[in-house]
Structures are given as structure tokens and as C-alpha cells.
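For reference, the structure is listed below as C-alpha cells.
The values are calculated or read from the model by the stated rules, or taken from the named source; none is laboratory data. Predicted, not measured: the structure shown is a model, and the values here were computed from it. Using ideal geometry, Cβ is built from the backbone for each residue, glycine included, and neighbour counts are taken over all protein chains shown. Only protein heavy atoms, including side chains, enter the accessible area calculation; ligands, DNA and RNA are left aside. Shrake-Rupley method; radii C 1.70, N 1.55, O 1.52, S 1.80 Å.
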Amino acid sequence: MTIIDIINKKRLRKELTREEIEFAINGYLDESIKDYQMSSLLMAIVLNGMTARETIDLTDIMIKSGDIIDLSKIDGIIVDKHSTGGVGDKVTLVLGPLLASLGIKIAKMSGRGLGHTGGTIDKLESIEGFNTKIDKEAFIKQVNDINIALVSQSGNLVPADKKLYALRDVTGTTESIPLIASSIMSKKIASGADIIMIDVKVGNGALMKTLKDAKELAKLMVRIGKAYRKPTICLITNMEEPLGYAIGNSLEVEEAINTLKGNGPSDLLEVVITLCSIIIGAVKKIPNNEAKNLLFKQLNNGEAYKKFEEMVTSQNGDINSIKISDKVFSIKSDKAGYINKIDALKLGEIAKMIGAGRNTLEDEIDYEVGLVLSKKVGDYVEEEEELVKVYLKDKDVSISQILECFKIDDELEPVPQLILDIIK
Ligand code: URA
């Protein structure tokens, strides 16, 4: 067997055997297969796809390329949650403590993303002292003690994905549903949780641009989860406008805290409550409306926030230390009308440009910068009324660049639905 035979087979749209996929992945890891050969195979996969069987084999080979976390010392049902990434996405920061306050175990290991803003780990590290690098024993102890720990990925979890993802990033081979599904699911399965929840974002600010692709990705991930007897639930949510009002690390933590105290934006709440009620319903075997009532009770009686505080303290963070830049600019609308679109992608790029996100994994994030919307899609704005506040440090942004993110018209267009589908 040679890598050239395997590349040619995929080029001719033929199904690869498990042995051929194993040969390619293991050869790439031991460097007998070179970057240029693997990128050629990846491009053939992007163009010609993979069957479900090939994708499940690829996922399995990737899982076995590294450590598999054993969480059997945690009592109870362990839930892991993942998002395919969106602008202003602070769902994990709310969902984790909320479920933990009801006795569900949240054991989550996150990677550091190259998103418009940081990932969950970066957001948590905007809290002074918050330690995301706790060892495995301390991680398990904390989940057993307080039901929740959110930590950064450590050790040798799916090294094949790490190497392949870095190559895909620079060879135009990220956009492939089987490659994305195996990349996400290999990490989730190797992380050891019992139930996997995935928020598949769709829209201009998201990885999946169409509902059709998002559904296909979700169905494939659910199928991979089934192969491992790990119930996998995918929520498909709209990412045409940012989620909530805040974009930027400290600003998003602040918005998450307000949500945990019962004062959250309605779109963020809708995603959190929908995801949590599915889990609570499945674990506690109660009807969905009862689960929702229970969740709102936890937000309104302070229990969910108390759990967040407990987690921050347990991971050495100082909840009173969240810093937000005091260099604030108010951007006003240049016309009156209904806001029919807010471009999540462009706003995300602006947030990254002012320092809230990183271009390479070595870049430093500025936790204190970002944007806070004053209006959402469907709102009316007067001329000279505030549209957004920008929190800056050492980089500037042009007003026209921000105004271009808002589509304001005389007539109100139908407001798009937020939750588009649930696939399980
Ligand atoms: N997130 C991942 O972890 N992998 C992908 O391929 C895309 C998004």
C-alpha cells in the first residue's frame, strides 16, 4: 500500500478501507507521509467526500492516536457541550453552571480557538487568577465536589486532529463535513463524557453557511455518537447576528454573569434553555415544560450564579477582578429605521482586529476590549441614537466600518428564527 495509491483512489471517488485510512493517518503522525501528500489526500476528501463508514473509521483512528480520558471516577451522568463557534457565543459559561446547579456533572475540556474572540477558556482567563490548567486528578475531584470544572485541553488528546487541523487551516481544506465531523467528535469522545451536546451554528458568522450543510453535519455527528453509544444531541442555531449583546472576552463574561443572575438577553436565554431542557428532560425524565420551569427557577433564585462563583473560587479566580477597558466610544446611527441585519462575521472580524481574538495560537488576547450592541435585529433606531459601544485599548477602528455592519431600512423584515432544528 502506498499513499499515492490512496490519494488516487479518493481522487477517483472510491471508498477507502479502514486499513488505508489508518495507513494515511498513522503515516502522517510518524512523518513517513509528508505534508504535501496529506494535503493532497485532504483536498481529494474535500472534493469527493467520505461515506459514513469512512468517517466513523477516521474518527476512531483519530481517537486512538492519543489519550482517552477516563472519567469513570466521576459519579453521575457527565455532559460535555461544544459549539461550532459563533460571534458572542458565551453559552457554555451559562449552561455549565446552570446544569451543575441541578446536579448534572459538567466536565469540559476546551481547546483555544482562533475565533473572532477567544474560546471559553480565554473568556474564563479574563477573570484574574482563574486557573484552567488543573491536572486530571484535581479536575475529577472538582467535578465530584461541585459538579463542574471547565479546563483547557491538556496531555495528548487526539494528536492526529491537532496535526491535521493545522494543515487544513493553511491548505484550504477546512470546509468538508466528514473532516469537521470527525475532528469535533474525535475530541468529544476522547474527552470521556456520557452525553455530548453540540450547538451547530449556521449563518454568515458561522462555520456552516447553509441550513442544509448544518443538518448534514449534525446528522453525521449524531451517527458517530451512536457508534460509540454516546447520546449526541445537536441544536442548529442561527448565527446571522451576534448572540446576546456583548462580543469580547471580559464583556462576554459580564453578560454571562448577568444571565446567570436572571437578567440575560432573550436570544442567549433561548439557546441556553433549549439545550439545558433537553438534557434535564433526558436525565431526570421530566417533560420539557417542567424542565424549563426548573431552569428559570435556578436563574431567578441565584443558585445558577452561586454555582458559577463556586467554580471560579475553586479554580482560584477572583470574581471581582473582571476588567473592562474604560476607553469607550459610542457609535451612533446615521439614519432612522428598522434594523434588519447585523453582520455577525464583520463585527467578529472588527472585535478580532481590536484585540479580542487571535490570528495565530501565539497571539496574545486583550481581554478588556470588544463591542456591546445597543440594538438587535428587529429593533427600531432613531437617527443619532446609539447602535453599539466600542471598548478599545491600543488599536482603533473606523466608524464607517462599524456602521456597515448594520442594515437599516424603512420597513421591518421578518426576524429570522433562532433555533432552526434539533437533531438527536
Ligand atoms: N472545529 C473543530 O474542532 N474541527 C473542525 O474541523 C472545525 C471546527
Original post:
Dipole size in debye (nearest 20) for the chain around its Cα centre, Lys and Arg Cβ +1, Asp and Glu Cβ -1?
Top reply: 1660
Original post:
Accessible area per residue, 1.4 Å probe, Å², for the chain: what's the number?
Top reply: 42
Original post:
Quick one: if the Förster radius is 22 Å, what FRET efficiency do residue 175 and residue 404 give, using the C-beta to C-beta distance and rounding to 0.05?
Top reply: 0.30
Original post:
Taking 0.36 nm per residue of separation and subtracting the Cα-Cα distance, what length does fully extending residue 413 through residue 285 add?
Top reply: 42.1 nm
Subject >> List 364, 15, 20, ordered by accessible area with a 1.4 Å probe, largest first >> reply: 364, 15, 20
Subject >> Theoretical ellipticity at 222 nm over the chain - DSSP helices of four or more residues, -39500 (n - 2.57) apiece, nearest 500 >> reply: -13500 deg cm²/dmol
**OP:** Report, in degrees rounded to the nearest 10, the 0 to 90 angle that the Cα long axis of helix 288-300 makes with the longest principal axis of the chain.
**Re:** 50
Subject >> Contour excess over end-to-end distance, with Cα ends at residue 394 and residue 336 and 0.36 nm allotted per residue >> reply: 17.7 nm
**OP:** List every residue whose amide H lies under 5 Å from the amide H of residue 119, counting only residues 5 or more places away in sequence or on a different chain, with H placed 1.01 Å from N in the peptide plane.
**Re:** 113
Original post:
What is the set of long-range amide H partners of residue 230 at a cut-off below 5 Å, with H atoms built 1.01 Å from backbone N?
Top reply: none
Original post:
How far is helix 18-29 tilted off the main Cα axis of the chain, in degrees rounded to 10, range 0 to 90?
Top reply: 70
**OP:** Pop out the carbon and sulfur fraction of the accessible area of the chain as a percent, whole number, probe 1.4 Å.
**Re:** 50
**OP:** May I ask you to order 95-108, 244-257 by the average number of other C-beta atoms within 10 Å around their residues, highest value first?
**Re:** 244-257, 95-108
**OP:** Using only Cα atoms, find the angle between the long axis of helix 52-63 and the longest principal axis of the chain, and express it within 0 to 90 degrees, rounded to the nearest 10.
**Re:** 80
Subject >> Net charge of neighbours whose Cβ lies under 13 Å from the Cβ of residue 57, counting Lys and Arg as +1 and Asp and Glu as -1 >> reply: -2
Original post:
Which of these, 236, 33, 177, has the largest mean-square fluctuation under a Gaussian network model of the chain (Cα springs below 10 Å)?
Top reply: 33
Original post:
Between residue 326 and residue 1, 0.36 nm times their residue separation minus their Cα-Cα distance comes to what?
Top reply: 110.8 nm
Original post:
Based on Cβ point charges of +1 for Lys and Arg and -1 for Asp and Glu, what charge dipole magnitude is obtained for segment 327-409 about its Cα centre, in debye rounded to the nearest 20?
Top reply: 160
Original post:
So for segment 115-235, taking the charge dipole from beta-carbon charges (+1 Lys/Arg, -1 Asp/Glu), which of 228, 167, 200 sits furthest toward the positive end?
Top reply: 228
Original post:
Top mean-square fluctuation among 32, 186, 176, Gaussian network model of the chain, C-alpha springs under 10 Å?
Top reply: 32
Subject >> Projected label distance in nm at residue 316 and residue 213, using a 7 Å step from Cα toward the beta-carbon >> reply: 4.1
Original post:
Which percent, to the nearest 5, of DSSP beta bridges fully inside the chain are antiparallel?
Top reply: 50
